[in-house]
Amino acid sequence: MNSIKRALGIVWFLLGPFSIWYLIKTAAHEIAAKPVVDTKIQWGIFIVVFVPISIGLMIFGYYAMKGEYDHLPENSDEIQ
């Protein structure tokens, strides 16, 4: 199970930059297709909201690759 967590950590870590790139590419395409203020505001909000989510996904993947989630606490006594 730990090897699956570490492998998925690589997936999450790589998915973060890819999702940012895809979001910006799609936003540029949509804004170029319909360059009105409403479209620019909508895609600007999408980017502002989803970039931190993608960064968090990368951080989660980094810690999964390092093995920080190999042992999860089962009760509150195990929490440091």
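Quick look at the values:
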| quantity | calculated |
| --- | --- |
| Rounded to 10°, Cα long-axis angle of helix 37-66 versus longest principal axis of the chain | 20 |
| For the range 33-80: Kirkwood Rh in Å [reciprocal of mean 1/r, alpha carbons] | 14.0 |
| Hydrodynamic radius of the range 2-69 per Kirkwood, over alpha carbon pairs, in Å | 13.0 |
| Simple Cβ-charge dipole of the chain, Lys/Arg +1 and Asp/Glu -1, about Cα centre, in debye nearest 20 | 520 |
| Sites residue 11 and residue 42, calculated FRET efficiency, Cβ-Cβ separation with R0 30 Å, nearest 0.05 | 0.55 |
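Coordinate-derived values only; no laboratory data. These numbers come from a predicted model, not from an experiment. Heads up, the Cβs are rebuilt from the backbone with ideal geometry, glycines too, and the neighbour counts pull from every protein chain shown.
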